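K.L.:
One structure, as structure tokens, below. Some questions next.
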Amino acid sequence: MTKTVNHWIGGKTVEGASGNWGPVTDPATGAVTTQVALASVEEVDAAVAAAKAAFETWGTSSLAQRTTILFRFRALLDANRDAIAELITAEHGKVHSDALGEVARGLEIVDLACGITTQLKGELSTQVSNRVDVAAIRQAVGVVAGITPFNFPAMVPMWMFPLAIACGNTFVLKPSEKDPSPSLKIAELLTEAGLPDGVFNVVQGDKVAVGRLLEHPDVSAISFVGSTPIARYIHTTASANGKRVQALGGAKNHMLVLPDADLDAAADAAVSAAYGSAGERCMAISAVVAVGAIGDQLVDKIRERAEKIKIGPGDDPTSEMGPLITRAHRDKVASYVHGAADQGAEVVLDGTGYTVDGFEDGHWIGLSLLDKVSTDSDAYRDEIFGPVLCVLRTDTYEEGLALINSSPFGNGTAIFTRDGGAARRFQLEVQAGMVGVNVPIPVPVGYHSFGGWKDSLFGDLHIYGNDGVQFYTRGKVVTTRWPDPSEAPAGVDLGFPRNH
């Protein structure tokens, strides 16, 4: 029997009323297992109205009340790790251990939100003039919305809403319609933790829901994670409607491997960073830049490791990589591999014909490795978002750096070397927002902020960490002057004894 996923508005499930439904498939079998409601403009308006009404009291609630609820939510989230991971695997396809890791990364931001009391401390300057003090405080912005991608249906929303509601805002989440169930499980846990009705809402939907959130006059801020073309559209449209925006876009993350690097460690890192979560992550390493004469040896080591990766259903504990999210996406990823040879690349591994016995209708693709890729090829220029790794060759560090910096993307990057001086130069010279030194996927911990440069980020502020707190609050400066009690008019008793 097909499951139905609806909206969560005002603290309860609200059945879809638009008459429009989207299919949700099990990527391992290709079967439609769920139908998800696609919100109308009126349903989005109902969610925003619930959030606006809740803000009247939540926005002035005490920090103690907010953090008490967040601590309860954290405990519930921790206790339900497996249940959320199972929902992720069923609809996204990633293996269970990977799904558990996603929940763990989301928990980091909940931890940060639980300590919001120190993050929201203001500043005070006394006696800036005669009996004049100046205080700087931060206040919630109001109703904020999060529009999140399919590849991390639990983690990316948790990069947003814990800090947003900890800062006193109310939240409307529009998750991906491809894997919507984790969002409702999170909503249920928040309500169980005691979050007041309307503080957190979920509207399932497609571009109709997105468009309404971008134009709605009662939505003050938009957080988005997705592809670069959509991030640019989100930023342009929401900004034109007077909203503050953080829109994180796509990536083409490079890993520069110098001749002195530990090639075994570099190969291990390349395989895990390129093929983990089937390459469906914006921090995946999709281009390895081999410097000098090490290229052939490095490619051989990567190939040897990639050939041993076991691909299968995400709920099989022996699987190391699962299927892709949809059949259409699988076919698109495969097209880059098919066209690579025509554009000058050497196809070392071709995973496009891979299937799993007993699951022939699943969205399967194997690991592909392309060597000697040119910078003008489609496989290099585009964000493939699948298990395809490109290897490029340069003669020097300077050439490798110039290649990386010429990319329109600037999300994450890494260097593998034993030379501290080279690593120091790289971290200062490379044009990317997140840099790893012998670390292939430099996703910051929760108390530092995540975000790229160039076409990987639209808006000024990164997500979570200090930037997240700043994004979800507005600064206010208060200048105060009070008369001294000794100057009170005659006849007014301020309680100061006259005989002292």
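The values are calculated or read from the model by the stated rules, or taken from the named source; none is laboratory data. In this text the structure is predicted, and so the values were computed from the model without any measurement. Reconstructed Cβ throughout: ideal geometry from the backbone, glycine too, with neighbour counts over all protein chains shown. The protein model used for the area step is the full one, side chains on, heavy atoms only, and it has no ligands, DNA or RNA in it. Shrake-Rupley method; radii C 1.70, N 1.55, O 1.52, S 1.80 Å.
K.L.:
Under unit Cβ charges (Lys, Arg +1; Asp, Glu -1), what dipole magnitude, rounded to 20 debye, does the range 99-211 have relative to its Cα centre?
P.N.:
I would put it at about 300 debye.
K.L.:
A follow-up question, please. Name the residue farthest towards the positive end of the dipole of the chain from the options Ala341, Pro387, Phe55, assuming +1 on Cβ of Lys and Arg, -1 on Cβ of Asp and Glu, about the Cα centre.
P.N.:
Looking along the dipole axis, the top candidate is Phe55.
K.L.:
A follow-up question, please. Please pull out the direction-averaged projected area of the chain, using the convex hull of its alpha-carbon atoms, in nm² to one decimal place.
P.N.:
Spelled out: convex hull of the Cα atoms, projected over all directions, averaged, 29.1 nm².
K.L.:
Assign unit charges at the C-beta atoms only (+1 for Lys and Arg, -1 for Asp and Glu), then state the dipole size of the range 179-263 relative to its Cα centre in Debye, rounded to the nearest 20.
P.N.:
Dipole magnitude for the range 179-263 comes out near 420 debye.
K.L.:
Once you have all Cα-Cα distances for the range 108-220, histogram them in 5 Å bins from zero and send the whole-percent values.
P.N.:
Values per bin, smallest distances first: 2, 11, 18, 21, 17, 11, 7, 5, 4, 3, 2, 1, 0.
K.L.:
Let me ask something additional. Divide by every residue of the chain the summed helix terms, -39500 (n - 2.57) for each DSSP H run of at least 4, and state the resulting mean residue ellipticity at 222 nm, rounded to the nearest 500 deg cm²/dmol.
P.N.:
Value at 222 nm, helices only, nearest 500: -11000 deg cm²/dmol.
K.L.:
When ligands, DNA and RNA are left out and all protein chains stay put, how many square angstrom of accessible area per residue does the chain have with a 1.4 Å probe?
P.N.:
Roughly 41 Å² per residue, with all protein chains present.
K.L.:
Turning to a different aspect of this structure: Quick one: the Cα spread of the range 391-488 along its three principal axes, in angstroms, biggest first?
P.N.:
80, 28, 22
K.L.:
Count the net charge of all other residues whose Cβ sits under 12 Å from the Cβ of Glu383, scoring Lys and Arg as +1 and Asp and Glu as -1.
P.N.:
Spelling it out: positives minus negatives among the neighbours equals 0.
K.L.:
Also: What number, in nm² with one decimal, is the all-direction average of the projected area of the convex hull of the alpha-carbon atoms of the range 1-157?
P.N.:
Averaging across all directions leaves 12.4 nm² for the Cα convex hull.
K.L.:
Follow-up. Please list the non-local residues whose amide H lies under 5 Å from the amide H of His216, H modeled 1.01 Å from N, same-chain partners needing a gap of 5 or more.
P.N.:
The answer is none.
K.L.:
Could you pull the accessible area for Lys332 with a 1.4 Å probe, rounded to 10 Å²?
P.N.:
Lys332 has an accessible surface of roughly 110 Å² with all protein chains in place.
K.L.:
Quick one: with all protein chains in place, what share of the accessible area of the chain is carbon or sulfur, to the nearest percent (1.4 Å probe)?
P.N.:
The nonpolar share, carbon plus sulfur, comes to 51 percent.
K.L.:
What are the semi-axes of the equivalent ellipsoid of the range 1-42, taken as the square roots of 5 times the eigenvalues of the Cα gyration tensor, listed largest first and rounded to whole Å?
P.N.:
For the range 1-42, the semi-axes come out at 22, 11, 7 Å.
K.L.:
Find which of Gly242, Ala231, Gly198 sits farthest along the positive direction of the dipole of the range 185-254, computed with +1 on the beta-carbon of Lys and Arg, -1 on that of Asp and Glu, about the Cα centre.
P.N.:
Comparing the listed Cα positions along the dipole, Ala231 ranks first.
K.L.:
Write down, largest first, the equivalent ellipsoid semi-axes of the range 70-153 in whole Å, where each equals the square root of 5 times an eigenvalue of the alpha-carbon gyration tensor.
P.N.:
Three semi-axes, in Å: 41, 14, 9.
K.L.:
In 5 Å bins starting at 0, how do the alpha-carbon pair distances of the range 443-488 split up by percent?
P.N.:
5, 17, 17, 15, 9, 6, 6, 6, 6, 6, 4, 2, 0
K.L.:
Under 13 Å from the Cβ of Arg305, count the other residues' Cβ atoms, weight Lys and Arg +1, Asp and Glu -1, and hand me the total.
P.N.:
-2
K.L.:
Just the Kirkwood number for the range 252-314, please: inverse of mean 1/r across all distinct Cα pairs, in Å, one decimal.
P.N.:
12.1 Å
K.L.:
About the Cα centre of the chain, how large is the charge dipole given +1 on each Lys and Arg Cβ and -1 on each Asp and Glu Cβ? Please answer in debye to the nearest 20.
P.N.:
1600 debye
K.L.:
Still on this structure, I have one more. Could you work out how far apart the two model spin labels at Leu76 and Arg381 are, taking each label as a point 7 Å from the Cα in the direction of the beta carbon, and quote it in nm?
P.N.:
4.9 nm
K.L.:
According to the Kirkwood expression over distinct Cα-Cα pairs, how big is the hydrodynamic radius of the range 142-301, in Å?
P.N.:
About 17.7 Å for the range 142-301.
K.L.:
To continue, here is another question. Using the reciprocal of the averaged 1/r over all distinct C-alpha pairs, how large is the Kirkwood radius of the range 11-97 in Å?
P.N.:
That comes to 16.3 Å for the range 11-97.
K.L.:
Another one. With just the Cα atoms of the range 282-403, tell me how far they stretch along each of the three principal axes, in Å, largest first.
P.N.:
48, 26, 25
K.L.:
If you take every DSSP beta bridge whose two residues both sit in the chain, what share of them, in percent to the nearest 5, is antiparallel?
P.N.:
Close to 40 percent.
K.L.:
What order, most packed first, do the peptides 21-27, 133-139, 320-326 have when packing is the mean number of other Cβ atoms within 10 Å of each residue?
P.N.:
Ranked by mean Cβ neighbours within 10 Å, highest first: 320-326, 21-27, 133-139.
K.L.:
Mind giving me the FRET efficiency for Leu428 and Asp260? R0 is 25 Å, r the Cβ-Cβ distance, nearest 0.05 is fine.
P.N.:
Once the sixth-power term is evaluated, E becomes 0.85.
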